[in-house]
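Report on one structure; see the data block that follows.
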Amino acid sequence: MGERENRSCYTVCVFQDTPWASRGLEALRKKGFENGVISILSKQSSEFMELFQESFGFAPSALEISGLGNVVAYGSLIAELQGSDDGLGRTGVAATIRRVGFQPHDGFIFQTLTERGGVLVAVESESRAADALALFHSYGGGNAAIGAWSGRV
């Protein structure tokens, strides 16, 4: 089996700001999504750091991402985009998003919305991808989409 068959399935959206992200994260938890399946990425701000600390109980990692600058991030999506070659630092979200089943234009939209102050949130779960997508749409998650399932593309 190749890399494509072993790839995780992510549902990704960008909330317009930290208060919207807070409502979305709360709704994810109420629907049974645990912190271990959630990934999050935002430009650094005191408001976001407070939300992250309240939501996860620890400080997020700081990264330098091409096209975004200094950000804070957490989760398996970030690790997959980063890869072993510092993909996020060198080429950004738009160029690395294909690693998890999205097209570069999806990554460009996610990166642009995050650069404008949005908070990228992703859920890793193939079995509950549709649930996460519906929740994201219900709570204001912009451009919410499910990456290609293994074997679908």
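The values are calculated or read from the model by the stated rules, or taken from the named source; none is laboratory data. Predicted, not measured: the structure shown is a model, and the values here were computed from it. Don't worry about glycine lacking a Cβ; one is built from the backbone with ideal geometry, like all the others, and counts go over all protein chains shown. Surface accessibility is based on the protein's heavy atoms, side chains included, excluding ligands, DNA and RNA. Shrake-Rupley method; radii C 1.70, N 1.55, O 1.52, S 1.80 Å.
Table for the structure above
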read-out: Highest to lowest packing among 25-38, 132-145, scored as the average C-beta count within 10 Å; value: 132-145, 25-38
read-out: Region 75-87 - phi-based ³J(HN,Hα) in whole Hz, Karplus 6.51/-1.76/1.60, Gly and Pro as x; value: x, 5, 4, 4, 4, 5, 5, 5, x, 8, 10, 6, x
read-out: Taking the C-alpha atoms of region 11-153, convex hull volume expressed per residue in Å³; value: 96 Å³
read-out: Solvent-accessible area, 1.4 Å probe, carbon plus sulfur percent, for the chain; value: 49 percent
read-out: Residues in region 15-30 that a label on Ser138 would reach, taking backbone N under 20 Å of a point 7 Å out along Cα→Cβ; value: 15-17, 19-30
read-out: Most to least packed among 116-122, 89-95, 48-54 [average Cβ atoms within 10 Å]; value: 116-122, 89-95, 48-54
read-out: Helix-only [θ]222 nm of the chain, DSSP H runs n ≥ 4, -39500 (n - 2.57) each, per residue, nearest 500; value: -12500 deg cm²/dmol
read-out: Å² per residue, accessible surface of the chain at 1.4 Å; value: 48 Å²
